[in-house]
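Student: Sharing a structure below in structure tokens format, with a few things to ask.
The values are calculated or read from the model by the stated rules, or taken from the named source; none is laboratory data. Just so it is clear, the structure is predicted and the values come from calculations on it, not from any experiment. Heads up, the Cβs are rebuilt from the backbone with ideal geometry, glycines too, and the neighbour counts pull from every protein chain shown. SASA here: full protein model, heavy atoms, side chains in, ligands and nucleic acids out. Shrake-Rupley method; radii C 1.70, N 1.55, O 1.52, S 1.80 Å.
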Amino acid sequence: MEKVVDLNEVSAYNQLYGLETFHPLVTVVDLNKATRGVETIRLNYGLYALFLKLEKSCDIQYGRQKYDFQEGTIVCFAPGQTALTTRTAGHPQTNAYGLLFHPDLIAGTALGRNIKRYTFFSYEVNEALHLSEEERKVVLECLGIIQLELNHAVDRHSRGLLVTHIDLLLQYCMRFYERQFATRSKANRDVLERFDALLDGYFESGRAESEGLPSVHYFADKLCLSPNYFGDLFKKETGRTAQDFIQEKIVEFAKGRILYSADTISQIAYSLGFQYPQHFCRLFKKRMGCTPNEFRAQSNV
């Protein structure tokens, strides 16, 4: 039977697995030491969480995606996310390590202000990070340092040091994800080609007029990727944002309509998904340096 737990305190996670809590806002977990466990559990995260799986021992489902964990994989969760975990048959314990911390721990700190830059917290589980042997050692060393700090008596330096070491671990994860993007270059190019085709189809089919301007979220969903992962992949491969590419396409389609149709600028704007023609004119001028009417007049000279 599926158990549902609202994970709003680190102690709640430790209680599930029979682990000790050293600090009310952060915990490093070694699931090899778990004295309890649940076969199937749905966790509603109110915490940030990062798990390093060292062997296949469970399946995790997040949203519509299911991931079968293999050796040396990291997956992350952020407050507001929900994941269903099912223990693999024949694995009474999970060879995995993790870090869970409450948003209150980083509130008012540089990490708290910049936590959104660690976009991998919003990746789907099928976009997990696969680590090399050396990278696993780095992650485990970072977790070990955080645990040492948790074992230390609390003093005025405790919070700052904990936050600093957590930030360091997240920076390493960002580096490892960027390496993974690079090693998956061919697959990434395939994604970009599909995105380009989907974007062309969106405008050529007339869907923009009925459904509005396309969004990065819309195309990420069509590509079965999370918006953050898709956005990071696109930026890594092209040096540009996916939103910038969408706007470029809009202007390219608009130029064709301006030059080769008798439609008014307002009609063109509506056909491209704009609710207000002035928003279209503002975007066009920003990218072309002239208004749509000026562009049409120049072309007719």
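Student: When only alpha-carbon atoms are used, what values of Rg and Dmax, in angstrom, describe the stretch 167-225?
Tutor: Using the Cα atoms of the stretch 167-225, the pair Rg, Dmax is 15.7, 48 Å.
Student: Shifting gears a bit: Tabulate in residue order the Karplus-calculated ³J(HN,Hα) for the stretch 279-294, using 6.51 cos²θ - 1.76 cosθ + 1.60 with θ = phi - 60°, rounded to whole Hz; enter x for Gly and Pro.
Tutor: Result, ordered by residue: 5, 5, 4, 5, 5, 4, 5, 4, 8, 9, x, 8, 6, x, 5, 5 Hz.
Student: Right, another one. Straight distance only, please: which aspartates and glutamates reach the Cα of residue 235 with their own Cα at less than 19 Å, same-chain residues fewer than 8 apart left out?
Tutor: 124, 127, 178, 190, 193, 196, 221, 244, 248
Student: Here is a further query. Return P(r) of the stretch 243-301 (all Cα-Cα pairs; 5 Å bins starting at 0; whole %; ordered from short to long distances).
Tutor: Reading the bins upward from 0: 4, 21, 35, 28, 10, 3, 0.
Student: If one computes P(r) from the Cα atoms of the stretch 104-182, what percent of pairs lie at distances over 22 Å?
Tutor: Across the stretch 104-182, Cα pairs with separations above 22 Å total 31 percent.
Student: Okay, next question. Of 226, 185, 205, which is the most mobile in a GNM of the chain whose springs link Cα atoms less than 10 angstrom apart?
Tutor: The residue with the greatest mean-square fluctuation here is 205.
Student: Which residues' amide hydrogens lie under 5 Å from the amide hydrogen of residue 226, considering only partners 5 or more residues apart or on another chain, with H built in the peptide plane?
Tutor: 124
Student: For Cα pairs less than 8 Å apart in space and 6+ apart in sequence, what is the mean separation divided by the residue count of the chain, i.e. the relative contact order in percent?
Tutor: 14
Student: Let me ask something else. Give me the percent of the accessible area of the stretch 150-301 that comes from carbon and sulfur atoms, probe 1.4 Å, all protein chains in place.
Tutor: It is 50 percent, rounded to a whole number.
Student: How much mean residue ellipticity at 222 nm does the chain get from its helices, if each DSSP H run of length 4 or more adds -39500 (n - 2.57) and you divide by all residues, to the nearest 500 deg cm²/dmol?
Tutor: Theoretical 222 nm ellipticity from helices: -15500 deg cm²/dmol.
Student: Return the label of the correct value of Cα extents along the principal axes in Å, as calculated from the structure shown, out of (i) 61, 57, 40; (ii) 66, 38, 37; (iii) 79, 46, 34.
Tutor: Here Cα extents along the principal axes in Å agrees with entry (iii).
Student: Just to confirm the filter: which trypsin sites (Lys or Arg not before Pro) across the stretch 221-288 are DSSP coil and have at most 16 other Cβ within 10 angstrom of their Cβ?
Tutor: Here the sparse-neighbourhood loop sites are 240.
Student: Per-residue HN-Hα couplings for the stretch 155-164, Karplus 6.51 cos²θ - 1.76 cosθ + 1.60 at θ = phi - 60°, whole Hz, x for Gly and Pro?
Tutor: So the Karplus estimates, Gly and Pro as x, are 9, 5, 8, 4, 4, x, 5, 4, 5, 4 Hz.
Student: Subtract the Cα-Cα distance of residue 266 and residue 134 from 0.36 nm times their separation in residues, and report this length gain in nm to one decimal.
Tutor: Stretched fully, the residue 266-residue 134 segment lengthens by 41.7 nm.
Student: Now for a separate question. Cα axis of helix 227-238 to longest principal axis of the chain: angle in degrees, 0 to 90, nearest 10?
Tutor: The angle comes out near 70 degrees.
Student: Roll a 1.4 Å probe over the protein heavy atoms and report the accessible area of residue 164 in Å², nearest 10.
Tutor: Number for this one is 80 Å².
Student: Given N residues in the stretch 143-301, what is Rg(Cα) / (2.2 N^0.38 Å)?
Tutor: 1.51
Student: Tilt of helix 185-204 relative to the longest C-alpha principal axis of the chain, in degrees (0 to 90, nearest 10)?
Tutor: 40
Student: Right, here's the next one. Lysines within cross-link reach of residue 255: Cα-Cα under 22 Å, excluding same-chain residues under 8 positions apart?
Tutor: In chain and number order, the partners are 285, 286.
Student: Now for a separate question. Rolling a 1.4 angstrom probe over the protein heavy atoms, how many square angstrom per residue are accessible across the chain?
Tutor: 50
Student: Still on this structure, please answer the following. If every alpha-carbon in the stretch 75-214 counts as one equal scatterer, what log10 I(q)/I(0) does Debye give at q = 0.10, 0.14, 0.18 1/Å?
Tutor: Each listed q maps to, in turn, -0.52, -0.88, -1.18.
Student: With an 8 Å cut-off on Cα pairs and a minimum separation of 6 or more residues, tell me the relative contact order of the stretch 105-261 in percent.
Tutor: 28
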